[in-house]
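What follows is a short report on a single structure.
The values are calculated or read from the model by the stated rules, or taken from the named source; none is laboratory data. The model shown is predicted, which means the values in this text are computed figures rather than measured ones. Virtual Cβ from ideal backbone geometry, glycine too; neighbours counted across all protein chains shown.
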2 protein chains.
Amino acid sequence: MTTFREKLRTAQHAHCSWLCVGLDPVMPRLPEVVRSTEDPLLAFGRTIVENTADVVSAYKPNLAFWLAEGAAGVRALQQLIEEIPDDLPVILDAKFNDVGHTAQAYARAAFEKLGADAATLNPYLGLDTLRPFLDAAEHGVFLLARTSNPSAPQLQDLEVEGRPLYQHVAQLAARWNVELPGTCGLVVGATYPEELGMVREMAPRLPFLIPGIGAQGGDLLRAVEHGPTADGVGPVINSSRGIIYASAGPDFGNAARKAALRLRDQINQQREESA
Amino acid sequence: MTTFREKLRTAQHAHCSWLCVGLDPVMPRLPEVVRSTEDPLLAFGRTIVENTADVVSAYKPNLAFWLAEGAAGVRALQQLIEEIPDDLPVILDAKFNDVGHTAQAYARAAFEKLGADAATLNPYLGLDTLRPFLDAAEHGVFLLARTSNPSAPQLQDLEVEGRPLYQHVAQLAARWNVELPGTCGLVVGATYPEELGMVREMAPRLPFLIPGIGAQGGDLLRAVEHGPTADGVGPVINSSRGIIYASAGPDFGNAARKAALRLRDQINQQREESA
């Protein structure tokens, strides 16, 4: 059995890529050619995956955009994940958080029903949320430490014992990663480059999921510099809108491919320069 | 147009009830008579609603248990909410949290697609998550302050400027409730009775959603004492497993009704004694 950590590392090596594409379709933004099909979300996602699968090391569908279309959207997501090549890890971005027996239901939704390899979780309820997600070594989670949005500091920067709250979360995650069989990683937004370095120092072995590159304007240099773990698992550097909406025309698949290649190569160039 | 606050208050008066029933079906726990139907989750939920609608003032389906059955579960939830009488508010317990444009997709899922009146939200990302949920007066949110689970203190009790984190959340919520058109309430678990009183002091006007009564062993006396707002909106006192699984036999609907009546009356008796 492959651990999530190994699956991610293997995909990164195989495609020489730290790029993750966010599969976040919003109905009004979908190209006309897709909107006229029977299942627009699936048709869109499928074309994106077909055009980028050899360029990325992971996919990250955000549940919100699929659930926004109700049951039909969830069905499309389920189908899309099934079609993603088996060697590419799928990270379900749902920021799950709930009490023990309810978190168990979410873990079942993420891993058994939707077929993801990992999920993002929110730390506010403590370990009870994580346990059912990390009871098997092939599963992973990325726990929110520092998110990429403007109001992130309202809670995450509150000072606790002389340090911001997000650093406490990083420390808790480092401990939980040792205690539980699954892989515990951290979400640290590229829009807060200083924080990236701080969190890396506190959690040298935890894989990072780094959103905020692209449309949100994050700092790629710092993402590459502080991204890898001490033992060489690269960061999951996510871009969604910059890639999936690269064109609104019928060529959107090819445009997404070009945008993905461009960003992957930018990342790799940055890696060489930082090496 | 009725605000969420008014809709809740009206339902509480009409049914002389502060009781909310949690609609949280777990497939292996469903009665045999329901499991053999075509749509077990819907059949179960429908029977619970039919037998309790005149006894409760709200319903709270937790998304986890419906999503655990994939698209079929989400379709069942959508249908069930449509069947719940219009005068009863439906609170979608999903503890949503995400960056602005993604939170917008979740708000669409909750209010437009699933037809809920309110949703639970997690405060870790700050105001960005709340804004799309509270941009209309008929919508409400309950923001997690103090959850009912054992590991809740790991983050929620961390000391920030001499006070636990959950109290900061209560203060932020009180401010956001004034700034935004929708109703902002708070989740405070009955399993932490002291905290209930503290939060009520800090946020006298915010409606409370109080989980943890019943299976989780929460303190009903304190829930009743600190539950109501200064202007008389009663708390949403939730029980799930103690009511919906009152019987595993074919009489589960009637058993749920009896359990709901019993708890509603206990709450009302406590109200009289505390008055």
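Side notes on the structure shown:
- Exactly one residue out of B:Val21, B:Val49, B:Val74, B:Val33 is under 21 Å from A:Leu63 (Cα atoms) and among the β-branched types (Val, Ile, Thr): that is B:Val74.
- Hits in region B:156-186 (condition: touching a residue at least 40 places away in the same chain (Cβ under 8 Å) and part of a loop (DSSP other than H, G, I, E, B)): B:Leu180, B:Pro181, B:Gly182
- The one condition from (1) modelled with pLDDT of 95 or more; (2) assigned to a loop (DSSP other than H, G, I, E, B) that A:Val199 does not meet is (2).
- The listed residue being over 21 Å from B:Ser151 (Cβ atoms) and over 16 Å from the mean Cα position of the chain (by Cα), out of A:Gln104, A:Gln154: A:Gln154
- Selection of region A:25-62 for residues being part of a loop (DSSP other than H, G, I, E, B), surrounded by fewer than 24 Cβ atoms within 10 Å (Cβ to Cβ) and at pLDDT 95 or above yields A:Val26, A:Leu30, A:Pro31, A:Thr37, A:Glu38, A:Asp39, A:Ala53, A:Asp54, A:Val55.
- Breaking point among (1) over 13 Å from B:Gln167 (Cα atoms); (2) of a type outside the set (Phe, Trp, Tyr); (3) surrounded by fewer than 20 Cβ atoms within 10 Å (Cβ to Cβ), for B:Glu194: (1)
- The one condition in (1) surrounded by fewer than 24 Cβ atoms within 10 Å (Cβ to Cβ); (2) more than 18 Å from A:Gln167 (Cβ to Cβ) that A:Ile243 fails to fulfil: (1)
- Qualifying residue in region A:23-34 (condition: within 21 Å of A:Glu138 (Cα to Cα), touching a residue at least 60 places away in the same chain (Cβ under 8 Å) and among the β-branched types (Val, Ile, Thr)): no
- Of the candidates B:Gly218, B:Gly232, B:Gly212, B:Gly189, the single residue that is touching a residue at least 24 places away in the same chain (Cβ under 8 Å) and over 30 Å from B:Ala255 (Cα atoms) is B:Gly232.
- Yes/no for B:Glu201 being without any contact (Cβ under 8 Å) to a residue 24 or more places away in the chain and of a type outside the set (Ser, Thr, Tyr): yes
One line per residue, one yes/no per condition, for (1) polar (S, T, N, Q); (2) away from chain A (no Cβ under 14 Å):
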residue	(1), (2)
B:Trp18	no, yes
B:Val26	no, no
B:Leu30	no, no
B:Val34	no, yes
B:Leu41	no, no
B:Thr47	yes, yes
B:Asp54	no, yes
B:Pro61	no, no
B:Phe65	no, no
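- Among the candidates B:Ala53, B:Ala43, B:Ala58, B:Ala11, residue that is in contact with a Leu (Cβ under 8 Å, 6 or more places away or on another chain) and farther than 17 Å from B:Ser240 by Cβ: B:Ala11
Yes or no, residue by residue, for (1) at pLDDT 95 or above; (2) under 30 Å from A:Leu42 (Cα atoms); (3) more than 10 Å from chain B (Cβ to nearest Cβ); (4) not in a helix (DSSP H, G or I):
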| site | (1), (2), (3), (4) |
| --- | --- |
| A:Gln79 | yes, yes, no, no |
| A:Ala107 | yes, yes, no, no |
| A:Thr120 | yes, yes, no, yes |
| A:Pro132 | yes, yes, yes, no |
| A:Val141 | yes, yes, yes, yes |
| A:Asn149 | no, yes, no, yes |
| A:Gln154 | yes, no, no, no |
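- Per-region count, region A:215-232, residues part of a loop (DSSP other than H, G, I, E, B), surrounded by fewer than 21 Cβ atoms within 10 Å (Cβ to Cβ) and not polar (S, T, N, Q): 7
- Within region B:165-199, the set of residues being more than 14 Å from chain A (Cβ to nearest Cβ) and either among the polar types (S, T, N, Q) or farther than 21 Å from B:Gly126 by Cβ (or both) comprises B:Asn177, B:Thr183, B:Pro193, B:Glu194, B:Glu195, B:Leu196, B:Gly197, B:Met198.
- Region A:39-89, residues that are of a type in the set (Ser, Thr, Tyr) and out of contact with any strand residue (DSSP E or B) (no Cβ under 6 Å at 6 or more places or on another chain): A:Thr47, A:Ser57
- Members of region A:81-105 found to be at the interface with another protein chain (Cβ under 7 Å from one of its Cβ atoms) and either surrounded by fewer than 24 Cβ atoms within 10 Å (Cβ to Cβ) or not in a helix (DSSP H, G or I) (or both), listed by number: A:Lys95, A:Asn97, A:Asp98, A:Val99, A:Gly100
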